[in-house]
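> Next up is a structure, given as C-alpha cells.
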Amino acid sequence: MRRLLGLVWEYRSRCLLVLVQQLLLVSIGLAILGFSGIGIDFIRFRLDPTANDPSWLFGIHPPASLSDMAILATIAAVVLGLAILHAALRLWATLSASRLAQTIIVDLRVRVYEKLQWLGFSYFDQNNSSSLINRVAGDVYAVRTFVDGVMVEMIIVFLSLVIYTAYMASIHVMLTFACLATTPLLWTLAIRFSRMIRPMYLETRERMDQMVRDVVENVQGVAVVKGCAQQKAQIEKFRQSNNHIREQQHEIFWRISMFQPTMGMLTHLNRAVLLGFGGYLVAQGQLPLGVGLVAFARLLQQFSEQVGQVTNIANRIQTSLAGAERVFQVLDAPIEIRSPAQPRHLIRSCGSVAFEGISFAYNQDRPVLEGIDFSIEPGQSVSIVGPTGSGKSTLLSLIPRLYDPTGGRVLIDGTDIRELHIDELRRHVSMVFQESFLFSNTVAANIAFGNPQATQQQTFEAAKLAAATPFITRLSDGFDTIIGEHGCDLSGGERQRIAIARALLMNSPILLLDDPTAAVDPETEHEILQAVDEAKHNRTTFLVTHRLSAIRRSDLVLVLLDGQVAQFGPPEELLDQDGYLRSLLSAQVEDLGGPLDERRLAFQN
Amino acid sequence: MSNVAPSITHLAKDEREIHQRPLDWKIINRLLRYTRPYAARRTWLLVIVVVRSLQLPALAATIAAAIKGPIQAGNSAGVTWAVVGFLALAVSTQIVAHFRQRLALELGESVVHDLRNELFAHLQRLQMKFYVSTKLGRIISRLTSDVENVRVGVQEVMFVAMVQSGQMLMAALFMLWYDWALFLVVLGLAPVLAGINHYFRRKLSKAHRAVQESFSRVTATLAESINGIRTTQAYGRQARNAELFRDLAEDHAGYHYEIASIHGRLLPLLDMNSHFFIAILLLLGGFRVLNPAIDASLGDLIGFFLMAGLFFSPLTMLGLLYTQALTSMAAAERVFGLLDTPPDWDDPPTAIDVPSVCGRVEFRNVSFEYLPGTQVLQNISLVAKPGQTVALVGHTGSGKTTVTNLVAKFYLPTSGVVMVDDRDLVQWKTKSWQQHLGIMVQHSFLFSGTVMENIRFSRPRASDREVHDVVEQLNCMDVFRRLPDGFQTQVGERGSNLSLGQRQLVCFARSLLTDPKVLILDEASSSVDTLTEMHIQQALRQLLKGRTSFVVAHRLSTIREADQILVLDEGQIVERGTHTELLANQGAYRELYHRFQGG
C-alpha cells in the first residue's frame, strides 16, 4: 500500500493536472446548469411577476435598457460559450488522463520486463510462465488503476460530491437533505450487492474455464476420444458442465434483475421527493423553478452517477491491490546471479575449464552434484554420460553461471567465473539445449540472436557449419522465413541445427551441447551429430549424449552417477574398464531387445 | 536479408477473422429459431418491451405535467397527487424492468447454452481431417467469444433497440404535442447527432481493433520472452530485448492514446450538442413563451426539455446497438459455419454393428491423400493375420502414421479398400469398429484427472478390480503404486506430473482395459530412463500378445519381435518381411537398422 502511494507520488504532477482539469469540468458543468436555470426563471418571472425574481449571479442585474429577448440571447450565448470551453477542456482532460495512464503502464511494463530479463533460472523454475506473462500484460493495469482509478478518482468523486452538495445547499438546505436522504442506503446497497455478486461472477468464470479446459483436452486428445469411442460420454460430460454454467448464471440473473430495478426505484424515490417537496416549495414561492427544481433534477442524476462510482472504486481497490502485490513480487525478487563490482577481464581466452570441489543442490535436502573435480584443456571435447537425473545438464549449466554452485568453484582459464562480468562470461560460452527454443522471427534473426551485429556472410557461414543451409534454402523465404508461421513448422532436427548455428555464430571458445538429439527421431540424429562434429573444431566442447558413436569421437568421457564423477578419461580407456560406459556399449550393441535378464545385469553394473 | 523490422517476435500473419458483417435475414432467422423452445418467454418479453417503451416517456410526462399544472399554479394538494401518480408509475416501471431484464438474460443464456451443446455434439461428429486443419484457438472461440457475441445479439440488440426506438417515438410525440416548432429544431439536430456518432464510432471500432492487434503483439512477445528466457540469458540478449520491448510497449500505448483522443473529441461534441440544444431552447422557447401571440407555456417548455433527453439518448444507443448487431452477425455466421461443416463422410445406412472381431486386417491397393494432388500412400497392399504384430518403419513423412490412421478409420482411403475380417471397413459403423480398437498416440495423451480416471477413460464403467487386473497383467503395478497418491495421483495438465514412461504405461493400461482385438501404437521417439524402458518393453509384450497390432516403431526390440516389418518410403512399401529376412536383404531396412543402432 505504501509502495502504491509512493507510485502515486512519483506521478504527482500529472495526477494533479488531471485532478484540476476534472474539478474545472465539474464547475463549468454546474455553471452551465445554473445559467440554464436562470434562463428558465427569467422567463417565468416575465410571465408571472408574482414569481421570484431570478437569482442573478453575484447580484448583477441586467441593465433595464435591454429587451427580454436580448437578455435571453445573452444567457444563451453565455451557455454556449461555457459549453465550448467545457468541450475544449474535456478534450484536454481526456488526453492528459490517457497520457497519465499510458505513461504509468509503459514504465511499469518495461520495469517488470527488464527485471524478468535478469532474474536467474531458478526463479523461472519456480514460477509458472503464464503467471509471469500475466504480470506484465495484465497486472500492471491493476497497478495503474490504483493511481488513476482509485486515488485520483476518489479525490475527484469526493470533491465533486462536495461541490454538488454545496451548490444544492446554497439554494435550499432542507430540500438538499430530503433529496439526498436515500443516498446512504443507495451506497450501502450498492456495496453489499457488489460484494455478493463478485464471488458469483468468479464462480461463473471458474466454471467457464473448466468447460474450456475440457474442450481443449477433448480436441487435443481427439485421437484418444475417437479411438476409445467415447464421444457419447464426452458429450454427456460437456452437457453437464454447460448446465452447471447455466444454473450459476440464472442465480446471478435473478439477483441482478432484483437489484438494478431496486436501485432504480431509489433514484425514482429521490425524484418523487424532489417533485413533492420541491414542487411544494416552488408552489409556495420559496424555491425558484429553474435554478431550483430543474437544476436539482439534473444534479440528482449526476449525484447518483458519482455515488455509483464509489462502488466501482471500492471494487478496484481490491483488484489493484492484488495485482500490485503480484507486480511488486517480481520487482522485489532478488537477482541471484550478479556480476562483481569490479569484474576481471579475460584476455581472448583459450577455453580451459576446471571444476574444483563443486557441489550443487536445487533445494537443500537433495544434492544434485557432489565433489566434482576435473579440468579440461583448451580445444578438448568431452562427452558427459550418465543415467537420467545424474546431474549432466546441471553440470553444464554451471559453466555459464546459469546457476551458482553451492560449494566449490568453476574456473575458466584459471579465473573463477564469479569474478568475471556475466555478459563477458556468457559471450565466452555458447549453449545448445535439449529442446531448443526458437523465437517467432526470421531464421536469420534466430541465428544471429546472440550476435545481432553479425553480417549476412557470418550468418550464412554459421548455418553452413551447422549443416542447416540445405533445408533453410528449401524454406519458402529462405533465411527470411519466419519460424512458426503458417506452413513453416520445422522438425526437431531442423530446429536443433538452427540452434547449433546460433551457438556457432557466437564464436565463443567454449561450446556446451546438452543432449541435442534427445527429442528427435533416430533418423535425424546422425545429421545433428555430424553438425556437432563440425562445430567441435578449435573449441572446448562439452556434449551430453547417450550415443556411443559420439562418445567414441570425443577426447574425454566423464561418467556421472548420482551426482558424482564415476569415471573420467579417454573413451578407449573407459571402454576397457568395467563400468557404466561398458554397460552402455553392451546395451547398444546387444540392442535393447536382447534377453531381459542379461540386460538388467548389464545395467546394474 | 532483413527487411523485417527488428523485434523479438513476429506475429503470424494469420488470416484474420472478420469482425463485422452486414445484417443478413437468413442468419437472423436461423438465430430466432433458437428462441423457439422458449417461445413463451420470448412473447412475454416482447409485450414487456412495448410496455416499457411507453413507461419511460410517461414518467417524464408526469413530472412535466406536475410542473406545468399544480406546481406553477401553487396547488399543494395537486402536487401531492402528482407525486402519488409518479410513484405508482415508477413502481410499475421498476417491476416491468425486473422482468424485462430477467427474461432477456435468461433467454440469451438459454440460446447460448443450446448453441454450445449443439456445437460440442457436432464437434464430436467431425472427423480427423477437421481437427488437423483447424486451429484449437478457433474452435475455442466459436464456443466462447463468438457464442457470447451471439448472446448479446439475442438478448440485447433486438429488445433494447425496440425499447429505445419506442421511447424515441413516444418522446417525439410528446414534444410535438408540447411545441411543434421547437420539435422541428430537434428534428434538425437529430441527423447531426447521428452523423457525429456514426463517424466517431467507426473510427473507434477501427482503433479498438488496432489496440487488440497491438496487444496480441505484446502478449505474444511476452510469452516468447519468458518461455525463451533461458536462451536469452545464455546468449546475453537481456538489454537488447528490454530495449525492443520498450519500443513495443510505447507503440501499444500510442494506440490507447489514439482511442482516448477519439473519445476526447466525440464526448465533448455530444455534450456540445446538448448544450447547444439548451441554448436554442432558452432563446427560441423563451421567445415563443414570452410572445403573447403564440400559445406556449413555460410548463410545456420544461416538459419539452425533459423529453429531449429521452429523444436524444436513444440515438447514441441505437448507433452502439447497430455496431453490436454487425459484430453479432459475424459471430453468428462463424458459429453456423462450424455447425454446417459436414463430417468427412457419414456411415452408409447399410453399415453394420460389429459384435465381435477376429482381427484380420487387409489393405487392397490403398492410396491416400490428405490434400488433393499430394499422395501420401500409394497402392499399399498388406495383410495382417489375427494376432500378428506389424511394425512400420521408415523416415519421417514416409506414411507410417497414415497407415495406422486408415486402420483406425480416422480417414477413408482415397482409393482401394481397407478390409477387416474380409469386409470393407466402410461397411462397419465407425463407432462400433472403434470400440474394438486400442489406440496409443505418440505423445501418450492423458486427460487431467487421476491415473485411475485416465485408465478408465476407455471404459468408464470398469470396476477398480478390472483396472487393477489390467495393470497387473501389464506387470507395472509397482510403478503406479510408487506414485505419490498411487492410482489417485493427479496426472496434471496433459499428464505433466508423470514422466514420459509412466504416461506411456497409463496409455497401455487404458488400451488394454477394453481388451481390443486390434491395436495401434505410435511409439514415442524420445528416450526414457532404462528402468522404465524395461517396464515398457515388458508391458508392451503383454499388450501385443494375441492382438493384431500396427506399430509405428522406434524401438529395436519391437521391430525385431514383429511378425512382419513393412519398410515405407515416400508412401510405398519398399521392403517387407521379418527382421532376419530383411537384414539378409542388404536393402533399405539394413541401412535404417544400422542408423538406429547409432553405428
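> Going by average Cβ neighbours within 10 Å, how do the peptides B:575-581, B:109-115 rank, with the highest at the top?
Numbers: B:575-581: 15.1, B:109-115: 21.0.
In decreasing order of mean packing, B:575-581, B:109-115 become B:109-115, B:575-581.
> Tell me, B:Leu371, B:Leu338 in order of fewest to most beta-carbon neighbours within 10 Å?
Neighbour counts put them in this order, fewest first: B:Leu371, B:Leu338.
> As I understand it, the value is the acute angle between the Cα axis of helix B:464-473 and the longest principal axis of the Cα atoms of chain B; what does it come to in degrees, rounded to 10?
Long axis of B:464-473 versus the principal axis of chain B: about 40 degrees.
> Per-residue Cβ counts within 10 Å, from other chains only, averaged over A:431-437: what number is that?
That works out to 3 on average.
> Mind ranking B:215-227, A:33-45 by how tightly packed they are, going by the mean number of other C-beta atoms within 10 angstrom, highest first?
Values: B:215-227: 19.6, A:33-45: 24.5.
Ranking, from highest mean packing down: A:33-45, B:215-227.
> So, R0 is 51 Å and r is the distance between the beta-carbons of B:Leu500 and B:Ala190; what FRET efficiency does that work out to, to 0.05?
0.15
> A further question follows. Apply the Debye scattering formula to segment A:212-274, with a single equal point scatterer on each alpha-carbon and no solvent, then give log10 I(q)/I(0) at q = 0.19 Å⁻¹.
-0.78
> In whole angstrom, how far apart do the alpha carbon centroids of segment B:380-439 and segment A:66-94 sit?
Cα centres, segment B:380-439 to segment A:66-94: 82 Å.
> On a 0 to 90° scale, report how tilted helix A:183-220 is relative to the longest principal axis of chain A, with both axes built from alpha carbons and the result rounded to the nearest 10.
Once rounded, one gets 30 degrees.
> Taking the Cβ of each residue in A:Thr94, A:Thr267 as the centre, tally the other Cβ atoms inside 10 Å and list the residues starting with the fewest.
A:Thr267, A:Thr94
> How much of the DSSP bridge set in chain B is antiparallel, in percent, rounded to the nearest 5?
50
> Sort B:Val186, B:Val451 so that the residue with the fewest other Cβ atoms within 10 Å of its own Cβ comes first and the one with the most comes last.
In order of increasing Cβ crowding within 10 Å: B:Val186, B:Val451.
> On full extension of the chain, what length is gained from A:Ser491 through A:Ile191, given 0.36 nm per residue of separation minus the C-alpha to C-alpha distance?
102.4 nm
> Can you tell me which of A:144-151, A:115-122 comes out highest on packing, and rank the rest after it, using the mean Cβ neighbours within 10 Å?
The peptides rank, most packed first, as A:144-151, A:115-122.
> Please compute the average number of Cβ atoms from other chains found within 10 Å of each residue's Cβ in peptide B:236-245.
Average per residue, whole number: 6.
> Okay, next question. Residues of B:89-97, mean number of Cβ from any other protein chain within 10 Å of their own Cβ, rounded to a whole number? Can you show the working numbers first?
Working: counts 2, 7, 4, 0, 4, 9, 2, 1, 6.
Partner Cβ neighbours, averaged per residue: 4.
> Here's a follow-up. For chain B, how many pairs of lysine residues have a Cα-Cα distance under 22 Å, where the two are 8 or more positions apart or belong to different chains?
21
> What fraction of the DSSP beta bridges in the protein assembly as shown is antiparallel, stated in percent and rounded to the nearest 5?
Expressed as a percentage, antiparallel bridges in the protein assembly as shown total about 50.
> Run lengths n ≥ 4 of DSSP H only: what is the helix-derived mean residue ellipticity at 222 nm for chain B, with -39500 (n - 2.57) per run over all residues, to the nearest 500?
-19500 deg cm²/dmol
> Beyond 23 Å, how much of the Cα-Cα pair distribution for segment A:258-342 remains, as a whole percent?
55
> Go through A:Ile171, A:Thr188, A:Ser122 and say which Cα lies farthest out towards the positive end of the charge dipole of the protein assembly as shown; charges sit on Cβ, +1 for Lys and Arg, -1 for Asp and Glu.
Farthest along the dipole direction, towards plus: A:Ile171.
> For segment A:353-604, what's the radius of gyration and Dmax over Cα atoms, in angstrom?
18.8, 57
> If you wrap a convex hull around the Cα atoms of segment B:173-233, how much volume per residue is inside, in Å³?
97
> Distances over 31 Å make up what percent of all Cα-Cα pairs in chain B?
68
> Run through all the Cα pairs of the protein assembly as shown and give the fraction in each 20 Å bin from 0, expressed as whole percent.
Spelled out bin by bin, the protein assembly as shown gives 9, 31, 30, 18, 10, 2, 0 percent.
> Over all alpha-carbon pairs in chain A, figure out the percentage whose distance exceeds 31 Å.
Tail fraction, whole percent: 69.
> Additional query: Restricting to DSSP H runs of at least four residues, report the calculated mean residue ellipticity at 222 nm for chain A, -39500 (n - 2.57) per run over all residues, nearest 500 deg cm²/dmol. Please report the intermediate quantities before stating the final value.
Details: 24 runs with 364 residues, N = 605.
When only DSSP H runs of four or more count, the value is -19500 deg cm²/dmol.
> Could you compute how fast segment A:91-244 diffuses translationally, taking Rh as the Kirkwood radius over C-alpha pairs and applying Stokes-Einstein at 10 °C with viscosity 1.306 mPa s? Give it in µm² per second.
The Stokes-Einstein estimate is 74 µm²/s.
> Toward the positive end of the charge dipole of the protein assembly as shown, about the Cα centre and with charges on Cβ (Lys, Arg +1; Asp, Glu -1), which of A:Gly563, B:Phe410, B:Ala65 goes farthest?
B:Ala65
> Can I ask one more? With label points built 7 Å along Cα→Cβ from the Cα atoms of A:Ser67 and A:Tyr201, find their separation and express it in nm.
5.8
> Could you work out how far apart the two model spin labels at A:Arg553 and A:His421 are, taking each label as a point 7 Å from the Cα in the direction of the beta carbon, and quote it in nm?
Taking the two extended label points, one gets 3.7 nm.
Readers should treat all values here as calculations from the given coordinates under stated rules, not as data from a laboratory. Computed from a predicted model, the values in this text were never measured in an experiment. No Cβ is skipped: glycine too gets one built from the backbone with ideal geometry, and neighbour counts run over all protein chains shown.
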